[in-house]
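Single-structure report; data block below.
Every number here is computed from the coordinates shown, using simple stated rules; none is lab data. Being a predicted model, the structure only gives us computed values, none of them experimental. Don't worry about glycine lacking a Cβ; one is built from the backbone with ideal geometry, like all the others, and counts go over all protein chains shown.
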Amino acid sequence: MASPDPLTGRRAGKLRPVTGRQLEVLRFVRRYIATYRCSPVVREVCEYLEMKSAQSALRHLHVLVRKGMTLPLIGRNGSSRGYELTEAGLLATEHLDLSPIPPLQPTG
């Protein structure tokens, strides 16, 4: 039997369809890239979508990689430097509002 995924805690198996929240993440990543010409960092996904922790955003992004909707952008040192949408991710978001993202307001 396959070992559990370290981020989701679930065992490998049939992948469920993209959830509404995952679609929000995809839409944000696509809009962010279109607006700023670079990928958002996990903290920006977390803040814009008002998630409780960066770990929540990371879990959604990781699941979207497993579902073939995003790909991690890997830096020279082997760490993730953001995410890009795959063809499947682009198709899943093409019917959504993709207007530019307003700047995030500083917190604190």
- Query: Which condition number does S99 fail, the rest of (1) under 15 Å from L23 (Cβ atoms); (2) part of a loop (DSSP other than H, G, I, E, B); (3) in contact with a helix residue (DSSP H, G or I) (Cβ under 9 Å, 6 or more places away or on another chain) being met?
  - Reply: (1)
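This table checks each residue for (1) out of contact with any Asp or Glu (no Cβ under 8 Å at 6 or more places or on another chain); (2) farther than 16 Å from L26 by Cα.
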{"residue": "K52", "(1), (2)": "yes, yes"}
{"residue": "L71", "(1), (2)": "no, no"}
{"residue": "G89", "(1), (2)": "yes, no"}
{"residue": "P102", "(1), (2)": "yes, yes"}
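Residue by residue through the stretch 37-59, note down the ones that are touching a residue at least 24 places away in the same chain (Cβ under 8 Å) and more than 13 Å from G82 (Cα to Cα).
Going residue by residue through the stretch 37-59, those that are touching a residue at least 24 places away in the same chain (Cβ under 8 Å) are 38-41, 44, 47-49, 57-59.
Answer for the stretch 37-59, where residues must be touching a residue at least 24 places away in the same chain (Cβ under 8 Å) and more than 13 Å from G82 (Cα to Cα): E47, Y48, L49, R59.
Filter the stretch 68-82 down to the residues that are crowded, with 18+ Cβ neighbours inside 10 Å and at negative phi and list them by number.
Once the filter is applied, which keeps residues that are crowded, with 18+ Cβ neighbours inside 10 Å and at negative phi, the stretch 68-82 yields M69, T70.
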